[in-house]
Amino acid sequence: MIGLDSVAPWVLFERFLPWMPRMRQILSHSRYGTLTSIDPPITVPAWAVMFSGADAGTLGLYGFRHRRPGTYFDQYLPTSRSLREPMVWDHLSRVGRRVCVIGMPPGFPPPHINGVYVSDFLTPEGGAEYVYPPSLQPELDRLTGGYPFDVRFRADDRERVGRELIEMTRKHFAVARHLWAKEAWDFFALHEIGPDRIHHAFWKFIDPRHPRFEDNSALRSLAEEYYARLDEEIGALLDLVGPEAQVLFVSDHGSQRMLGCFCINDWLLQQGHLTLQGPRPTAGTALEDTSVDWARTRAWAAGGYYARIFLNIKGREPNGILTPDQAESFRVHLTDELAAVRAPGGGSLGAKVLLPREIYREVRGDAPDLMVYFGDLSWRSAGTVGHSALFLDENDTGPDDSVHSFDGVYVVTSPASGATGLGSPASLIDIGPTILAAFGLPNPPHLVGRPIAGFL
Ligand SMILES: [Zn+2]
């Protein structure tokens, strides 16, 4: 399995295909199509959903950052220890299959499996133990000259970002080839974060539909070069894999142009649901750096690809004011108000409000009270306050040109099925159960994902 983070159908099947001769050849003898992502379509939890068949609520993963219960602003990032359901490689390990997993998030600390696990892009910088078994780490260090987990990508020096991403991906695939050659693996999976970073840093140079499209041939070419090099690395790995293997390319979600940011906390202030003490903060101030008047605050939010709105509930929050009944009627009122928000052009902003208890089989961990998408996620949510307008052209957390979308991809090369051509859309949550079925293992019945017949 080769996991290409953030790759949308347009990216792989159209925009960069001319720079990917190997992928063109792969597509000619494979079944491919759209892989529909999850709620929310974010790297963490999407890969964990894919490899468990459990929904994000059951896993207790709602994105990168989670609020610590009983606090207003304390946040934690999930790790591999946060996983509340076994992944495909845990099931396979249990029945004695040999598995190798490189970079699947959340993968730090590297889980102990029957084989090798190299941790993911969320690995903390410097000195961490990132390989299981640790005895392998020195040889991966030697091979790569220091294993690169990620690149600082929300930055203005796009040339540096592009070059570092090409180098990072090259090293990841060198590790993959090195580990592939070690033994006859039953299951081998590689995650590459590079495409996601390329999209964030380069989307406005590659997509004329971007509202701030820039016709810059050097940066456009650098993004195309990234995909050309990725294609070569994929080819070099598949040359080792041989024709008898089932090969699956997948992405966790797609990407699309970022229209801008909607300032969710400034909006809550304007609506009178959030109240600050003291003078108006300067533009771009984090809400936690202001003085919130909690006695006059019904709701506050955290920004990101989607808005996480929290209600200030009596007995749950340190200075809560809403009784559970009041919270329920306020939630309905807030949903109506959000639906009425207009985009800068005058049309609806397309707010879509999701309630964790309604969309997940179980709500474990620390879910927001409301999850809100704007414009099918083409508008990010800015959590910072003090802006002079409710809409920003740029991400409030650094230069950024793309946001996520719901359509990812799959490409299946299967000597067993022999299927080719464009296939029906498949669901990300069904991929893990489909892999288990291919190994003759039962699907855990309490999960949402189901094996896809004839897929592999
Ligand atoms: Zn992702």
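The values are calculated or read from the model by the stated rules, or taken from the named source; none is laboratory data. Please read all numbers here as calculations on a predicted model, not as lab measurements. Positions of Cβ are generated from backbone atoms using ideal geometry, with glycine treated the same way; all protein chains shown enter the neighbour counts. Surface areas here come from the heavy atoms of the whole protein model, side chains and all, with no ligands, DNA or RNA. Shrake-Rupley method; radii C 1.70, N 1.55, O 1.52, S 1.80 Å.
Is the shape of region 22-171 rounded, prolate or oblate, going by the alpha carbon gyration tensor and its root eigenvalues a ≥ b ≥ c, with a/c under 1.5 for rounded and a/b larger than b/c for prolate? Taking the square roots of the gyration eigenvalues as a ≥ b ≥ c, region 22-171 is rounded. Summarising the amide proton neighbourhood of E394: residues at separation of 5 or more, or on other chains, whose placed amide H is nearer than 5 Å comprise C261. Around A8, what is the net charge, scoring Lys/Arg as +1 and Asp/Glu as -1 over all other residues with Cβ under 10 Å from its Cβ? Counting the neighbours of A8, the net charge comes to -1.
The magnitude of the dipole of region 260-399, with charges of +1 and -1 set on the Cβ of Lys/Arg and Asp/Glu and taken from the Cα centre, is near 220 debye.
Take every Cα pair under 8 Å whose residues are at least 6 apart in sequence, average their separation, divide by the length of region 248-303, and the relative contact order is 38 percent.
According to the square roots a ≥ b ≥ c of the eigenvalues of the Cα gyration tensor, what is the shape class of region 256-345, taking rounded for a/c under 1.5, prolate for a/b larger than b/c otherwise, and oblate for the remainder? It comes out oblate by the Cα gyration axes. Using every pair of distinct Cα positions in the chain, the Kirkwood expression returns a hydrodynamic radius of 23.0 angstrom. Report the FRET efficiency, 1/(1 + (r/R0)^6), for D366 and F213, where r is their Cβ-Cβ distance and R0 is 56 Å, rounded to 0.05. Efficiency for this residue pair is about 0.90. The residues packed around M20, meaning those with a beta-carbon under 13 Å from its beta-carbon, carry a net charge of -2 if Lys and Arg are +1 and Asp and Glu are -1.
With only the Cα atoms considered, region 92-134 has a convex hull volume of 54 Å³ per residue. The packing ranking, built from the mean of other Cβ atoms within 10 Å per residue, places the peptides 258-268, 292-302, 69-79 in the order 258-268, 292-302, 69-79, highest first. Across region 303-409, the volume of the C-alpha convex hull divided among the residues equals 157 Å³ per residue. Rounded to the nearest Hz, the phi-derived 3J(HN,Hα) couplings of region 166-180 under the Karplus curve 6.51 cos²θ - 1.76 cosθ + 1.60 (θ = phi - 60°) are 4, 5, 4, 5, 4, 5, 4, 6, 4, 5, 4, 4, 4, 6, 4, where x marks glycine and proline.
Relative to one another, the C-alpha centroids of region 228-271 and region 123-158 are positioned 20 Å apart.
Report the relative contact order of the chain, percent, no decimals, based on alpha-carbon pairs under 8 angstrom and at least 6 residues apart.
Averaging sequence separation for qualifying contacts and normalising by length gives 27 percent for the chain.
By accessible area, using a 1.4 Å probe on protein heavy atoms only, the chain has 50% of its surface on carbon and sulfur.
Between amide H atoms placed 1.01 Å from N, distances below 5 Å from Y117 occur with V101, Y132, all of them 5 or more places distant or on a separate chain. Rounded to the nearest 5, what is the percent of antiparallel bridges among the DSSP beta bridges in the chain? Of all bridge pairs located within the chain, approximately 60 percent are antiparallel. Compactness ratio for region 157-297: Cα radius of gyration over 2.2 N^0.38 Å (N = residue count) comes to 1.56. Looking only at region 252-288, which residues have a backbone nitrogen under 14 Å from a spot 7 Å from the Cα of Q75 in the C-beta direction? Of the residues in region 252-288, 264-265, 285-288 have backbone N under 14 Å from the label point off Q75. Contact order, relative form, for region 260-399: 38 percent (alpha carbon pairs under 8 Å, 6 or more residues apart, mean separation divided by residue count).
Spatially, region 372-437 and region 27-66 are offset by 9 Å when compared through their Cα centroids. Per residue, the solvent-accessible area of the chain (1.4 Å probe, heavy atoms of protein chains only, all protein chains present) comes to 38 Å². All other residues whose Cβ lies under 15 angstrom from that of S424 are scored, Lys and Arg at +1 and Asp and Glu at -1, for a net of 0.
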